[in-house]
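The values are calculated or read from the model by the stated rules, or taken from the named source; none is laboratory data. This one's a predicted model, so the numbers in the text were calculated from it and none came from an experiment. Cβ sites come from the backbone with ideal geometry, for glycine too, and all protein chains shown count toward neighbours.
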Amino acid sequence: MKAINAPHAQSSSLSVSVVVYRPDLEQLESTLVSLASACNALRDERPALPLQLYLVDNGGLPHFGAQCASLREQGVDCIVISGHGNVGYGRGHNLAIERTRSRYHLVLNPDIDMDRHALRKAFEFFDTHPQAGLLTPWIGDEAGRQQFLCRRYPALLDLVVRGFAPASVRRLFSGRLMRYEMRDVINDRDIAWDPPIVSGCFMLFRTDVLKQLAGFDPRYFLYFEDYDLSLRAHDITRVVYMPAVRVLHHGGGAARKGSAHMRMFMASAYRFFNRFGWKWL
């Protein structure tokens with residue numbers, strides 16, 4: 001499972017890609033402030049570490065010059081990629097992934113607030129665990145409660161109940177959903193190796209692994225691209241859940257975002273199961 005080194009990768013460097021479409025500007029600024037703070041903490045131990053942010057505008061991002069200038073003042077080179085239209089989540093990240101020559105690459109949602117020491121702890125873990133190629137953190141909600149976003153391979157029933165069923169129905173399937181969400185393994189203390197699927201809201205890769213995988217499968221417009229990438233990552237590296245690395249996630253499910261998102265969710269689910277195998281119950 002040894003990955004091929006990316007060409008011309010710097011010995012210690014970090015790139016970050018954030019894809020936005022009609023973003024909540026207040027939340028996006030909060031995400032970037034937390035990113036800058038985490039980068040500053042990382043730089044306390046690694047002063048010469050090159051840091052680069054790719055802000056991928058899939059549409060609706062107003063002029064962001066002042067915010068990028070602020071990031072540059074803090075040592076984060078900010079590059080806005082725009083003009084390509086709304087190409088979808090995975091293809092948007094791929095526009096950054098194909099450009100970077102970093103040692104590590106972070107796929108980051110614009111609705112994530114990072115703990116100041118998240119990146120420092122992640123890099124320390126990578127330093128001492130060369131077998132790890134993809135790291136997922138402890139993820140909390142707005143109230144600080146843990147979100148269980150590591151997954152076992154889903155059955156279609158799991159997705160329907162978790163994503164669309166009312167609370168009264170979800171309670172009837174609580175044991176099943178807890179297993180799907182790996183609650184028997186994932187907690188706020190213990191490292192867990194090789195969860196089958198991890199969330200795309202924060203995926204920290206060794207870039208050589210990500211390059212070997214060719215990034216996200218562009219056939220997914222939205223939803224399930226992280227499931228697909230997680231499963232493929234196991235073919236060439238080890239995936240790790242590292243609870244000492246902490247972030248907060250402000251996102252919501254497809255059902256809460258309206259019928260268009262529900263249709264995209266179902267289309268991507270169909271593509272995912274066609275590729276990896278259908279599991280109904």
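Observations, loosely collected:
- Residues of the stretch 224-248 satisfying the condition of being closer than 24 Å to SER268 by Cβ, among the aliphatic types (A, V, I, L, M) and in a strand (DSSP E or B): VAL239, VAL247
- Within the stretch 180-204, the set of residues being of a type outside the set (A, V, I, L, M) and under 20 Å from ASP228 (Cα atoms) comprises TYR180, GLU181, TRP193, ASP194, PRO195, PRO196, SER199, GLY200, CYS201, PHE202.
- Selected residue (only one of VAL80, VAL87 is surrounded by fewer than 21 Cβ atoms within 10 Å (Cβ to Cβ) and in contact with a Leu (Cβ under 6 Å, 6 or more places away or on another chain)): VAL80
- Subset of the stretch 171-187 (residues that are in contact with a helix residue (DSSP H, G or I) (Cβ under 6 Å, 6 or more places away or on another chain) and more than 19 Å from SER199 (Cβ to Cβ)): PHE173
- Residue selected from the stretch 151-175 under the condition under 23 Å from TRP138 (Cα atoms), within 25 Å of the chain's Cα centre (by Cα) and not hydroxyl-bearing (Ser, Thr, Tyr), by the criterion modelled with the lowest pLDDT: GLY163
- Applying the condition of being buried (at least 23 other Cβ atoms within 10 Å of the Cβ) and assigned to a loop (DSSP other than H, G, I, E, B) to the stretch 200-219 and asking which residue is farthest from the chain's Cα centre (by Cα) yields PHE216.
- With respect to the conditions (1) surrounded by 15 or more Cβ atoms within 10 Å (Cβ to Cβ); (2) at pLDDT below 95; (3) in a loop (DSSP other than H, G, I, E, B); (4) not charged (D, E, K, R), GLY252 lacks only one, and its number is (1).
- Meets criteria (within 16 Å of GLN131 (Cα to Cα) and hydrophobic (A, V, I, L, M, F, W, C)) for ALA244: no
- Filtered residues of the stretch 69-100 (kept if under 20 Å from LEU222 (Cβ atoms), more than 19 Å from the chain's Cα centre (by Cα) and hydroxyl-bearing (Ser, Thr, Tyr)): SER82
- Members of the stretch 9-24 that are among the aliphatic types (A, V, I, L, M) and at pLDDT 95 or above: LEU14, VAL16, VAL18, VAL19, VAL20
- Candidate set: the stretch 160-188, residues that are of a type in the set (A, V, I, L, M, F, W, C) and part of a helix (DSSP H, G or I); chosen: the one farthest from LYS279 (Cα to Cα): ALA167
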